[in-house]
Amino acid sequence: MSRTGTCPRVLIVGAGLAGTATAIRLLCFARGPLEIVLLERRPDYRCAGVAYHRDGNPWDHVFNIQAGRMSVFREDVLDFVRWANHEADRGGWPEPWAGLRFVEQGPAPRRIFQDYLVDRLAEARREASPGVVLVEADGEAVDLEVRSGRVDVTVERFAVEGGPGRAATVLRADHVVLATGLELREPAFASEVRTHASFVRNPYSAAGIRKLADLRSEATVAIVGSVLSAYDSAGLLLRRGHTGRIHLISRTGTLFRTYPGGHEHGVVRLPCPKSLLEPYRNREEFLARLRAEWDAACATVVREHPDIAPAVVAERVVKAWEPHLPEAVERIPSAELRALLDEFGTALAALRVGVLEYTMAVIERAMHPVDGPVRLVVGKVEGVRPVESGRLAVSVASPERTHAIEADLVVSNFGRESDYGRVDQPLWRNVLRRGLAVPHERTGRGLEVDARGVLLGADGEPGPISAVGVLREGDEMVRNGRTGAFTFNLAAIKNHSIAVAAHVVERLELEPEPEPGAGISPRNTAEGVAEFLARRHGGDGNLEEAAPGGFEDAVVMEARRLASRGRIERERLDYQLETRIRSMGERPAHAADAARHDRLMRVAVNRAAVERLTDVSVTPRQLRRQLGLATAEEQEE
């Protein structure tokens with residue numbers, strides 16, 4: 001696989017959910033020797049990240065979506081639920097979780113997700129092909145430098161699985177995957193109280209959890225924000241018997257919808273909102289068109305799908321519009337697009353996803369207008385300052401007035417910095433300085449990547465560095481029409497992990513090319529495969545037009561291989577696929593040309609299989625049926 005004949009190395013920077021999911025896929029996809037280094041700067045975040053690590057997620061924190069949607073494998077919907085019921089070690093679990101039988105539509109505590117990912121990573125490691133190894137390393141990547149198509153990664157405090165640590169080292173990798181997760185933004189309103197004992201900047205830290213848990217039950221609390229992270233903090237207090245006033249301070253006053261009992265993910269088909277494809281004139285005119293299209297689409301869903309609960313209608317509409325939104329977004333000037341996202345980002349998130357009844361029930365009960373301790377305060381926080389009483393005063397500006405709320409504890413929302421030009425971390429300062437990455441121009445969110453998640457440098461060219469997770473927020477919006485909360489977006493991460501791992505394996509397998517006349521090079525793989533298909537099988541490079549007979553069967557076979565977690569089953573499917581590919585179309589007579597033909601046809605089949613596995617126009621259950629993975633019970637549903 002390597003040009004030098006040595007085992008190639010892939011370095012994944014970040015071992016949270018996105019990095020772990022990508023490592024699992026690489027362990028499953030790689031057919032030849034490969035070293036996968038999974039690097040994490042915080043050992044407690046390994047297989048967890050900020051969203052799931054145990055110290056920052058007490059048992060009161062639950063997933064904001066159903067347990068049945070938490071499988072790390074898109075093609076195996078109930079894997080997490082099965083693990084929680086039959087494999088998880090429940091020693092030390094408190095009630096009610098210790099005796100609970102988890103169900104698809106029900107809740108689950110977030111902290112057990114770390115154990116789930118640890119187990120699934122270990123499984124992938126055991127079932128990897130010979131020569132495919134995983135190295136779990138501690139350390140912080142602070143710089144990247146591309147040399148001759150490879151990447152030199154400077155790592156501080158480097159240590160490998162219990163071995164002796166080094167102050168700094170340089171690792172050379174054939175490919176790097178950046179899975180660094182979210183970056184915190186220091187809120188300007190908290191400049192006077194960042195180190196104050198009554199201010200919690202990170203409610204998902206061990207220190208933040210301790211402050212919430214140790215708070216007097218009658219204390220007054222101000223939580224900046226009214227959405228998911230705010231619900232975690234408020235819910236933690238309320239479930240522990242808090243009786244004092246809790247102020248949820250929100251600039252927009254947005255509250256998330258509650259998923260109805262028995263809610264299942266689904267996809268509906270709606271007509272294209274054609275008026276959104278008209279030229280952009282101004283914000284007011286655009287918003288008027290948007291509201292008209294939105295009202296019509298919601299009415300259509302209510303009329304044509306009476307089985308869909310009212311609370312889920314908005315989610316179905318946003319999902320149905322995704323294929324059309326890139327064309328609509330293309331018409332909005334960049335400055336206007338950024339302003340719209342800043343103004344309506346929280347509202348978009350609330351339309352795209354709801355919250356489990358387990359979480360919202362306790363919040364809604366506590367918001368009783370007469371005797372409930374929770375109050376929603378609409379306004380912008382302008383500042384937080386200490387006062388003589390030892391409390392903190394939160395200045396809130398609303399259209400009507402500016403007033404102060406005194407609190408014994410102030411909890412900042414989990415605001416993140418999505419503009420990587422402003423992130424104050426050495427890795428991002430160096431990567432941007434070297435021109436290896438650029439902030440996403442259209443949205444100011446995330447980084448510029450190509451269709452396969454490869455970072456685009458300052459010259460607009462892709463290199464040997466890919467990105468997964470929140471780093472691709474802006475690209476997901478403008479390329480795929482995805483909206484919603486990207487901070488902990490498991491659905492996007494699942495697809496990123498599949499596509500990036502497949503691309504990395506493809507790139508390494510094609511690395512020995514090119515030979516004269518091969519029509520493909522390591523720097524131009526995508527174009528080379530398309531040209532090869534067009535030259536060999538007709539058409540204009542379009543996969544479907546160029547595909548020979550038997551291609552569809554090969555794609556399904558490859559998709560099943562990629563979805564298989566057992567090595568024996570993958571090897572069986574791999575052998576069958578190689579046989580199928582050799583029987584497809586007219587092969588060149590010369591042995592070297594025939595081998596190159598088969599190799600490139602394999603790439604084409606793999607790409608089509610990846611598209612199948614990441615197709616969001618179908619639900620995961622529909623995908624399982626298409627690929628023949630569904631059990632007899634699932635087929636009957």
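Things worth noting here:
- The one condition in (1) assigned to a loop (DSSP other than H, G, I, E, B); (2) closer than 23 Å to residue 184 by Cα; (3) modelled with pLDDT of 95 or more that residue 128 fails to fulfil: (2)
- Candidates are the residues of the stretch 605-626 that are aliphatic (A, V, I, L, M) and at pLDDT 90 or above; the one that is surrounded by the fewest Cβ atoms within 10 Å (Cβ to Cβ) is 608.
- Every residue from the stretch 388-419 that is in contact with a Gly (Cβ under 7 Å, 6 or more places away or on another chain), modelled with pLDDT under 95 and crowded, with 16+ Cβ neighbours inside 10 Å: 413, 418, 419
- Restricting the stretch 82-92 to residues that are touching a residue at least 24 places away in the same chain (Cβ under 8 Å) and of a type outside the set (Gly, Ala, Ser), the residue that is surrounded by the most Cβ atoms within 10 Å (Cβ to Cβ) is 83.
- Selection count where residues are within 15 Å of residue 118 (Cβ to Cβ) and among the β-branched types (Val, Ile, Thr), scope the stretch 9-58: 2
- Consider the stretch 420-454 and keep the residues that are among the aliphatic types (A, V, I, L, M) and touching a Pro at 6+ places or on another chain (Cβ under 7 Å). The one that is surrounded by the most Cβ atoms within 10 Å (Cβ to Cβ) is 447.
- Boolean, residue 377 is buried (at least 16 other Cβ atoms within 10 Å of the Cβ) and not in a loop (DSSP other than H, G, I, E, B): yes
- Some residue of the stretch 280-288 being buried (at least 16 other Cβ atoms within 10 Å of the Cβ), modelled with pLDDT under 95 and within 30 Å of residue 332 (Cβ to Cβ): no
- The stretch 280-302, subset small (Gly, Ala, Ser) and without any contact (Cβ under 8 Å) to a residue 24 or more places away in the chain, residue farthest from residue 315 (Cα to Cα): 288
- Any hit, the stretch 218-225, residues being under 27 Å from the mean Cα position of the chain (by Cα), at pLDDT below 95 and within 14 Å of residue 367 (Cα to Cα): no
- In the stretch 303-312, the residue that is nearest to the chain's Cα centre (by Cα) out of those that are surrounded by 13 or more Cβ atoms within 10 Å (Cβ to Cβ) and assigned to a helix (DSSP H, G or I) is 312.
- Put simply, of 122, 159, 128 the only residue that is of a type in the set (Gly, Ala, Ser) and touching a strand residue (DSSP E or B) at 6+ places or on another chain (Cβ under 6 Å) is 159.
- Yes/no for residue 6 being over 14 Å from residue 119 (Cβ atoms) and assigned to a helix (DSSP H, G or I): no
- Residue 168 vs. criteria touching a residue at least 12 places away in the same chain (Cβ under 8 Å), buried (at least 16 other Cβ atoms within 10 Å of the Cβ), under 28 Å from residue 463 (Cβ atoms) and aliphatic (A, V, I, L, M): no
- Restricting attention to the stretch 417-458, the residues that are in contact with a His (Cβ under 9 Å, 6 or more places away or on another chain) and basic (Lys, Arg) add up to 1.
- Any hit, the stretch 240-249, residues being assigned to a loop (DSSP other than H, G, I, E, B) and either free of Cβ contacts under 8 Å to residues at least 40 places away in the same chain or under 17 Å from residue 415 (Cα atoms) (or both): yes
- Residue 223 falls short on exactly one of the conditions (1) of a type in the set (A, V, I, L, M); (2) in a helix (DSSP H, G or I); (3) surrounded by 19 or more Cβ atoms within 10 Å (Cβ to Cβ), and that condition is (2).
- Exactly one residue out of 336, 315, 327, 343 is surrounded by fewer than 17 Cβ atoms within 10 Å (Cβ to Cβ), assigned to a helix (DSSP H, G or I) and modelled with pLDDT under 95, and it is 343.
- Enumeration of residues in the stretch 166-182 that are among the hydrophobic types (A, V, I, L, M, F, W, C) and assigned to a strand (DSSP E or B): 167, 168, 170, 171, 173, 176, 177, 178
- Residues satisfying the stated conditions in the stretch 183-204, i.e. in a loop (DSSP other than H, G, I, E, B), surrounded by 16 or more Cβ atoms within 10 Å (Cβ to Cβ) and of a type in the set (Gly, Ala, Ser): 198
- Looking only at the stretch 561-598, and only at residues there that are of a type in the set (Gly, Ala, Ser) and either in a helix (DSSP H, G or I) or without any contact (Cβ under 8 Å) to a residue 60 or more places away in the chain (or both), the one that is surrounded by the most Cβ atoms within 10 Å (Cβ to Cβ): 563
- Exactly one residue among 138, 119, 152, 115 is assigned to a strand (DSSP E or B), among the charged types (D, E, K, R) and touching a residue at least 24 places away in the same chain (Cβ under 8 Å), and that residue is 138.
- Residue that is farthest from residue 171 (Cα to Cα), among those in the stretch 38-90 that are part of a loop (DSSP other than H, G, I, E, B) and small (Gly, Ala, Ser): 88
- With a requirement of 2 or more residues that are in contact (Cβ under 8 Å) with a residue 60 or more places away in the chain and over 23 Å from the mean Cα position of the chain (by Cα), the strands (runs of 3 or more DSSP E) lying completely within the stretch 385-504 that satisfy it span 392-397, 402-407, 409-411.
The values are calculated or read from the model by the stated rules, or taken from the named source; none is laboratory data. None of the values given here were measured: they were computed from a predicted structure. Neighbour counts run over all protein chains shown; Cβ positions are idealised from the backbone, glycine included.
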